[in-house]
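The values are calculated or read from the model by the stated rules, or taken from the named source; none is laboratory data. Source: prediction; values computed, not measured. Positions of Cβ are generated from backbone atoms using ideal geometry, with glycine treated the same way; all protein chains shown enter the neighbour counts. For the accessible areas, the whole protein counts, side chains as well, though only heavy atoms, and no ligand, DNA or RNA atoms are used. Shrake-Rupley method; radii C 1.70, N 1.55, O 1.52, S 1.80 Å.
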Amino acid sequence: MGSGRARVPEALAGERPLPTFDVPYFKYIDEEDEEDEWSSRSQSSTEDDSGDSLLSDRYVVVAGTPEKILEHLLSDLHLEAAQDKDTETLLDDFLLTYTVFMTTDDLCQALLRHYCAKNYQGKEDDSDVSCRKRKVLHLVSQWTSLYKDWLHEDEHLKQFLKTIYRNVLDDVYEYPILEKELKEFQKILGMHRRHTVDEYSPHRKNKTFFHQFSLKESWLQHRGTMNEAEEIFCRVYITEHSYVSVKAQVTASAQEILKIIAEKIQYPEEELALVTVTFSGEKHELQPNDLAISKSFESSSRMFVYRKDLTDSLNPFAENEELQQRSVRILGINTWDLALELTNFDWSLFNAIHEQELIYFTFSRQGSAENTENLSLLLQRCNEVQLWVATEILLCSQLCKRVQLVKKFIKIAAHCKAQRNLNSFFAIVMGLNTASVSRLSQTWEKIPGKFKKLFTELESLTDPSLNHKAYRDAFKKMKSPKIPFMPLLLKDVTFIHEGNKTFLDNLVNFEKLHMIADTVRSLRHCRNNQFGNEVPSKEHHELKPYVHHLHVIDNQQALFELSHRIEPRV
């Protein structure tokens, strides 16, 4: 990190290969002696040995102040020709990670300064001024395109975009070349062209146009209250350690939730009641039209489903009541269809994740409920699929059906791999390897040899040795679209974050941020294409609710008790 440019190993200098790097090419940038430092580095690179002479225009972006990084980025942007790879990467790195080292307020004001400067450093003619303005507008356009609703949801940032828009309106007569950018901003803001100046005029210096939205200041900022159409996973407990995971809108009524639960546990809906139970034990029955999820949040309680007797008294389910007369519905479902429904569901969660969520997840020390909602849903889903596999097997008291279940899950895991859904694939394999399941010797002894062999092959992909080399090699060969094992991707980003300082001598360690951005960008490759429209066969009309709302036991002790009950220790 001490050197401003990369060096070719001496052993390769004679062959004069074109050097390649895993980090972006950039300079040390600070506030002082900028020109002297840059020019001296450029000269030294041309006067060095033959190996270094290959690198005369190639630098590693090691560190810099936010303002100088932005200034250098704007100077390197090309408007007419396509961006060179280094500049394109630098732009993307900056936009993905800027919240780590500067606030959105800082960025907005810096961009306005660059746009509104009349004659930058006294060296510009009219063509230079219009070029600078267009570069700022190009960066803002890329920014809004990358962040989408992350920017558009915030009213203060909308005001900033309108401020820039008004500036363009004012300038387009003097610089007609800005007409293209004006049309672009009309699309961004969804506006019709209006040549008027109102309260958003750039001539009004109002700092309320800007909004603090940065990890640098508080590591976690709220984006506001939940959207009414937003879907979340809510847990409706059947017993103290057993729940159904329900994916529903935050505005779902108690009756809607209860209908899902009744179908899931195969119990008459009219004989059930939805009850919130606080941590102190206080119970409150929800009425059919109550907003169940909101009520649960308000009282910081858990939702339970109780039985109602003839006197309308509420009675909880017994802890092991699931073992009595429980039908194993999964055995009647086609394994490919079930895997396909798992994949479709996981894809809907994975495709909704914004790249910025991984940045917030990595740098936030307080958890990231508001800014990592979609990512959290996929992680929760992975955990629940693992618990679901164990729950289904351990709630099956008949040995012959339990053997069929294990075979079924092995086939489902293989189908998930074939469908390039590595998230559910890992979850199912880990569920089968859960200690409470793997100890079922009577069950595993009756698994046919070909299934054992298949499971061993599938297990090999989850082998963590050599930094999960088997998984990484297999996943790299898979074409997109594909769903990665998200916990491992987060582990990679966290490893980079914890192994490198974010600031070096008060300068942004941009090399670190590039490595993080590069890992985050892998999501784009996975989502280059969309999954096809293949749907499970119509004969399994109950398949979607079955997969969407998993019944799991989330207590390892309870799972072990079930395991020892169906196969006691010899």
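Here are a few things to note about the model shown:
- Any hit, the stretch 132-151, residues being surrounded by 15 or more Cβ atoms within 10 Å (Cβ to Cβ), modelled with pLDDT under 75, under 29 Å from the mean Cα position of the chain (by Cα) and of a type outside the set (Lys, Arg): yes
- Within the stretch 458-480, residues that are over 24 Å from LYS407 (Cα atoms) and not assigned by the TED database to the domain that holds ARG420 have Cβ atoms under 9 Å from residues that are acidic (Asp, Glu) and assigned to a loop (DSSP other than H, G, I, E, B) in no pair, counting only partners at least 6 apart in sequence or on another chain.
- Hey, THR46 in a helix (DSSP H, G or I), modelled with pLDDT of 80 or more and hydroxyl-bearing (Ser, Thr, Tyr) or not: no
- Residues that are among the polar types (S, T, N, Q) and within 20 Å of LEU461 (Cβ to Cβ), drawn from the stretch 382-435: ASN383, GLN386, GLN419, ASN421, ASN423, SER424, ASN433, THR434
- Pairing residues of the stretch 437-457 that are part of a helix (DSSP H, G or I) with residues that are of a type in the set (Gly, Ala, Ser) and open to solvent by less than 50 Å² (accessible area, probe 1.4 Å), at Cβ distances under 9 Å and at least 6 apart in sequence or on separate chains, gives VAL437/ALA390; VAL437/GLY431; VAL437/SER563; LEU454/ALA413; LEU454/ALA414; PHE455/ALA413; PHE455/ALA414; GLU457/ALA414.
- Cross-chain or 6+ apart pairs with Cβ under 7 Å, the stretch 102-123 first and part of a loop (DSSP other than H, G, I, E, B), then among the small types (Gly, Ala, Ser) and at pLDDT below 75: MET102/SER214; THR103/SER214
So that you can scan it fast, the table gives a plain yes or no per residue for (1) closer than 28 Å to LYS85 by Cα; (2) in contact (Cβ under 8 Å) with a residue 40 or more places away in the chain; (3) surrounded by fewer than 19 Cβ atoms within 10 Å (Cβ to Cβ):
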{"site": "LYS491", "(1), (2), (3)": "yes, no, yes"}
{"site": "GLY499", "(1), (2), (3)": "yes, no, yes"}
{"site": "VAL520", "(1), (2), (3)": "yes, yes, no"}
{"site": "ASN529", "(1), (2), (3)": "yes, yes, yes"}
{"site": "GLU542", "(1), (2), (3)": "no, yes, yes"}
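- Scoring GLN398 on the criteria (1) open to solvent by less than 50 Å² (accessible area, probe 1.4 Å); (2) modelled with pLDDT of 85 or more; (3) of a type in the set (S, T, N, Q) leaves a single failure, condition (1).
- Hey, THR276 polar (S, T, N, Q), assigned to a loop (DSSP other than H, G, I, E, B) and in contact with a helix residue (DSSP H, G or I) (Cβ under 8 Å, 6 or more places away or on another chain) or not: no
- Residue count, the stretch 334-353 (criterion: in a helix (DSSP H, G or I) and free of Cβ contacts under 8 Å to residues at least 60 places away in the same chain): 2
- LYS482 vs. criteria over 30 Å from GLU67 (Cα atoms), at pLDDT 90 or above and open to solvent by less than 20 Å² (accessible area, probe 1.4 Å): yes
- Scanning the stretch 418-428 for residues that are part of a helix (DSSP H, G or I) and either surrounded by 22 or more Cβ atoms within 10 Å (Cβ to Cβ) or not assigned by the TED database to the domain that holds ARG472 (or both) gives LEU422, ASN423, SER424, PHE425, PHE426, ALA427, ILE428.
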